[in-house]
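Working notes, structure below.
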Amino acid sequence: MSPISVTLLGTGSPLPDANRAGPSTLVTAGSSHYLVDAGRGVLMRLAGAGVAASQLSAVLITHLHSDHLTDLTDVITTRWVMSFAPTPLTIVGPPGTGEVVDHLLAALGPDIGYRMAHHADLGYRPPVEVVEVEDGPVEVAGEATVFCAPTDHKPVHPSIGFRFDHGGASVVVAGDTVPCIGLDELCAGAGALVHTAIRKDIISAIGIQRLVDTLDYHSSVEEAAQTAARNGVSTLVLTHYVPAFPSGGGDEWRELAAAHFTGRIEMGDDLLRVDVDPT
Ligand SMILES: [Zn+2]
C-alpha cells in the first residue's frame, strides 16, 4: 500500500454539474485523513470514499472562495451530531478563516440550539478549532507532516497551498493559483501535485466577460503542467475542470498537459483515487 493516496472528491467548479461535486480533495496518509477544501457535495463524496466526517484529522482550506468551502457547515454539523463524544474539528486556513467560521457557526445557531435541547447527551456546541496559517509548518493531528505556502489567486488574498509528507511520499494540493514561487517551493521534488485548472483557450473563445474575468487568477492546463515539470513532480493530478468534460473524456486536457510535462497525468471523475509512492 502506498504511504499516501489522493482521492478527488469533487472535480467540479462553481458551475453546477449533476456529476461533479464542488472542489474538494481527500489526502490519506497512513490511517490519517485530511480534507482539503469542502465544496458542494463534499460529504456525499466522502461517504463514497468510505470515510466519515468523524475520521478527519483536519480540514484544510486553500482560500475563502465560496465554491471551496460552501459545505463546510455540513462537515461541522455532521461531525458534531454523528460523534458520541466531543470530537474537536481542526480547520486550517488562511487569515480570515476564523471570521468566516464564526459566521458559519452563527448561521447554524438555531440548529445547534434545537439539537442540544433535543438530545440529552449532546451537551456541547460543535467543538471547532481554527488555525490560521500563511507560510511554514502546519500543526495538525495525524500521520502526515504538513506545510503550507502562499499561492497567487489575487485579487483573492490570502490564498495558500498545502504539502503532505508521509513515509517518503509527498503530495501538494495547490488550490486555485497562477504559477508562483510559493507553489514552486511546495512542489520541489514532490510525488504528486493536485492542481485546479481551466481551459483558457475555450473560456477566452466563449468570450462571456464574467467567465473571461476568471482567466487571470487560475492556471491553464499548460501552466499547471509547467509547474509540475519545473519542480520535478512525478504525477500531475488535474481537477476543477472548467469547462467540465464528459465522464471518460478529457483527452484534449491530457494532450495539452503532456506537451509540457512528461510524467504521469491523472484526471477523471469524482472519487478518482491516485496512489502516491515514495520518491
Ligand atoms: Zn478560487
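Go through region 115-159 and give me each residue that's small (Gly, Ala, Ser), in a loop (DSSP other than H, G, I, E, B) and away from the ligand (no atom under 16 Å from the Cβ).
If the condition is that a residue be small (Gly, Ala, Ser), in a loop (DSSP other than H, G, I, E, B) and away from the ligand (no atom under 16 Å from the Cβ), then Ala120, Gly123, Ala141, Gly142, Ala144 are the ones that fit.
Scan Val42, Val27 and give me the residue that is of a type in the set (A, V, I, L, M, F, W, C), within 12 Å of Asp71 (Cα to Cα) and under 12 Å from the mean Cα position of the chain (by Cα).
Val42
Which pairs do you get when a residue that is within 13 Å of Tyr241 (Cβ to Cβ), found in region 218-229, comes within reach of a residue that is more than 16 Å from the ligand (Cβ to nearest atom), reach meaning Cβ atoms under 6 angstrom, with the pair 6+ apart or on two chains?
Sorted first by the residue in region 218-229, then by its partner, the pairs are Val221/Trp253; Val221/Leu256; Val221/Ala257.
Can you tell me which of (1) of a type outside the set (A, V, I, L, M); (2) within 21 Å of the chain's Cα centre (by Cα); (3) under 22 Å from His63 (Cβ atoms) is the one Asp269 doesn't meet?
(3)
Which residue out of Met44, Met116 is over 27 Å from Asp152 (Cβ atoms), among the aliphatic types (A, V, I, L, M) and without any contact (Cβ under 8 Å) to a residue 12 or more places away in the chain?
Met116
Is it true that some residue in region 245-254 is closer than 17 Å to Thr11 by Cβ, exposed (fewer than 14 other Cβ atoms within 10 Å of the Cβ) and in contact with an Asp or Glu (Cβ under 9 Å, 6 or more places away or on another chain)?
Yes, that holds for at least one residue.
Working only within region 166-190, note down all residues that are crowded, with 19+ Cβ neighbours inside 10 Å and free of Cβ contacts under 8 Å to residues at least 40 places away in the same chain.
Within region 166-190, Cys180, Leu186 qualify.
Across region 163-198, what is the total count of residues that are within 16 Å of the ligand (Cβ to nearest atom), under 20 Å from His240 (Cα atoms) and not acidic (Asp, Glu)?
So the count comes out to 13.
Give the residue, chosen from Leu26, Leu69, Leu64, Leu60, that is more than 16 Å from the ligand (Cβ to nearest atom) and either under 15 Å from Val92 (Cα atoms) or crowded, with 19+ Cβ neighbours inside 10 Å (or both).
Answer to the selection: Leu26.
Asp165 - would you say it is modelled with pLDDT of 95 or more and either within 15 Å of the chain's Cα centre (by Cα) or farther than 15 Å from Thr227 by Cβ (or both)?
In short, yes.
Identify all residues within region 216-243 that are within 16 Å of the ligand (Cβ to nearest atom) and surrounded by 14 or more Cβ atoms within 10 Å (Cβ to Cβ); write none if there are none.
Correct list: Tyr217, His218, Ser219, Ser220, Glu223, Ala224, Leu238, Thr239, His240, Tyr241, Val242.
The values are calculated or read from the model by the stated rules, or taken from the named source; none is laboratory data. Since we're looking at a predicted model, the values are computed, not measured. Cβ: placed from backbone, ideal geometry, glycine included. Neighbour counts: every protein chain shown.
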